[in-house]
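Undergrad: Sharing a structure with you now.
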Amino acid sequence: MNVVTTIADMRTLAESHRKKGRTIGFVPTMGFLHEGHLSLMREARKSCDIVVVSIFVNPTQFGPGEDFDRYPRDEKGDREKCEAEGIDVLFIPSAAEMYPPGDSVSVPVEGIADILEGASRPGHFRGVATVVARLFTIVGPHKAFFGQKDFQQTVVIERMATGLNMDVKIVVLPTVREQDGLAMSSRNSYLRADERRAAASLYRALSEGEGLIRSGVGAASKLKRAMRAVLEKEAGIEIDYLEIVDPESLVSLREIEHRAVLLVAARIGRTRLIDNVLIL
Ligand code: PAF
């Protein structure tokens with residue numbers, strides 16, 4: 001595995017693979033890798049000649065008072081996991097190079113980046129779109145892989161890539177879950193044992209909503225009430241939002257007729273978690 005830490009070296013290496021006609025699959029991450037990330041790497045491995053993984057805890061997507069400083073980091077463990085997955089290139093850029101002094105360029109995605117997560121975390125998606133655009137420009141991937149757990153992020157990145165005419169296919173893969181349904185996330189490591197148990201109720205609430213939709217309930221108000229009731233049974237969960245939206249526009253739905261995504265964001269102690277299920 002090539003471990004690359006400068007933008008120039010990453011560019012040169014990617015360019016040499018492209019010149020040889022090899023396809024590049026890219027998995028951008030913030031590290032502290034778990035099975036969710038590994039599932040993206042395995043899918044990239046299946047369909048691309050070269051798999052590049054990046055690890056960069058991107059400061060611009062964290063708001064003031066958020067968890068940037070305590071975000072879990074384990075570079076040694078991450079390197080071992082990437083080696084074990086047969087990753088070709090691990091790119092670990094520095095913040096100084098990704099955001100040089102005097103840098104004044106960012107990538108806002110209007111509208112969909114300002115609702116839901118964007119409303120709770122102002123500026124978050126501007127940071128995500130900016131770093132992903134920069135990483136795409138450096139790596140030049142044919143395909144990039146993201147987890148459905150960050151559903152709104154995948155929509156923002158799709159819009160950003162389409163809007164900037166980037167020649168990259170965005171591949172979104174299903175959320176990987178723990179046995180009790182909790183979506184895998186690096187932030188789960190913050191949870192105390194009692195919080196960890198309570199956290200499983202996010203997926204229980206989403207499953208309750210999904211079950212009701214499958215049994216013919218279409219009124220979003222009724223579905224949200226039922227989902228809220230599941231979360232409220234659990235002490236210590238503070239709901240940030242519970243929404244049912246159209247998967248493309250992210251516009252809130254009153255009646256579920258075809259496709260929909262059920263989204264939840266909640267705070268458990270000091271940890272903020274998000275999850276969703278897609279109804280096709
Ligand atoms: O999903 C993440 O881990 C991050 O938001 C991403 C896409 C790597 C950008 O920093």
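Undergrad: Could you check, for segment 47-54, whether at least one of its residues is in contact with a helix residue (DSSP H, G or I) (Cβ under 9 Å, 6 or more places away or on another chain), of a type in the set (Val, Ile, Thr), in a loop (DSSP other than H, G, I, E, B) and within 14 Å of the ligand (Cβ to nearest atom)?
TA: To start, the set of residues in segment 47-54 that are in contact with a helix residue (DSSP H, G or I) (Cβ under 9 Å, 6 or more places away or on another chain) comprises 49-54.
Subset that is of a type in the set (Val, Ile, Thr): 50-53.
Those still in the list that are in a loop (DSSP other than H, G, I, E, B) too: none.
No, segment 47-54 contains no residue that is in contact with a helix residue (DSSP H, G or I) (Cβ under 9 Å, 6 or more places away or on another chain), of a type in the set (Val, Ile, Thr), in a loop (DSSP other than H, G, I, E, B) and within 14 Å of the ligand (Cβ to nearest atom).
Undergrad: Restricting segment 238-262 to residues that are free of Cβ contacts under 8 Å to residues at least 40 places away in the same chain and assigned to a strand (DSSP E or B), which is farthest from the chain's Cα centre (by Cα)?
TA: Glu255
Undergrad: In segment 91-110, is there at least one residue being more than 24 Å from Pro141 (Cβ to Cβ), modelled with pLDDT of 95 or more and within 15 Å of the ligand (Cβ to nearest atom)?
TA: no
Undergrad: Give segment 1-46 a look and list any residue that's within 16 Å of the ligand (Cβ to nearest atom) and more than 19 Å from the chain's Cα centre (by Cα), or say none.
TA: The initial filter retains those residues of segment 1-46 that are within 16 Å of the ligand (Cβ to nearest atom), namely 7, 10, 25-41, 43-44.
Across segment 1-46, the qualifying residues are Ile7, Met10.
Undergrad: Same structure, new question: If a residue must be buried (at least 21 other Cβ atoms within 10 Å of the Cβ), among the polar types (S, T, N, Q) and under 19 Å from Val53 (Cβ atoms), how many such residues does segment 131-152 contain?
TA: 0
Undergrad: Can I ask one more? Test Val57 against the stated conditions and say whether it is in a strand (DSSP E or B) and touching a helix residue (DSSP H, G or I) at 6+ places or on another chain (Cβ under 9 Å).
TA: So Val57 fails the test.
Undergrad: Is it the case, given these coordinates, that Pro141 is more than 11 Å from the ligand (Cβ to nearest atom) and either under 14 Å from the mean Cα position of the chain (by Cα) or closer than 18 Å to Pro59 by Cα (or both)? Even if it seems obvious, please write down each step before you answer.
TA: Details: more than 11 Å from the ligand (Cβ to nearest atom): yes; either under 14 Å from the mean Cα position of the chain (by Cα) or closer than 18 Å to Pro59 by Cα (or both): no.
Taking the combined requirement at face value, the residue does not satisfy it.
Undergrad: Any residue at all in segment 237-247 that's under 27 Å from Arg70 (Cα atoms), surrounded by fewer than 14 Cβ atoms within 10 Å (Cβ to Cβ) and not aromatic (Phe, Trp, Tyr)? Spell out how you get there, then give the answer.
TA: Residues of segment 237-247 under 27 Å from Arg70 (Cα atoms): 237-242.
So of that shortlist, the ones also surrounded by fewer than 14 Cβ atoms within 10 Å (Cβ to Cβ) come out as 238.
So of that shortlist, the ones also not aromatic (Phe, Trp, Tyr) come out as 238.
Yes, segment 237-247 has at least one match.
Undergrad: Taking interchain pairs and intrachain pairs at least six residues apart, which have beta carbon atoms under 7 angstrom, with the first residue in segment 88-102 and part of a helix (DSSP H, G or I) and the second crowded, with 17+ Cβ neighbours inside 10 Å and acidic (Asp, Glu)?
TA: Final answer for the pair search is none.
Undergrad: If Lys149 satisfies every condition in (1) assigned to a helix (DSSP H, G or I); (2) more than 13 Å from the ligand (Cβ to nearest atom) but one, which is the exception?
TA: Among (1) assigned to a helix (DSSP H, G or I); (2) more than 13 Å from the ligand (Cβ to nearest atom), the lone unmet condition for Lys149 is (2).
Undergrad: Continuing with this model, one more query. Can you name the residue in segment 153-184 that is closer than 15 Å to Val132 by Cβ and of a type in the set (Asp, Glu) and, of all such residues, is surrounded by the fewest Cβ atoms within 10 Å (Cβ to Cβ)?
TA: Out of the qualifying residues, it is Asp167.
The values are calculated or read from the model by the stated rules, or taken from the named source; none is laboratory data. All values derive from a computational prediction rather than experimental measurement. Please note: Cβ atoms are built from the backbone with ideal geometry, for glycine as well, and neighbour counts cover all protein chains shown.
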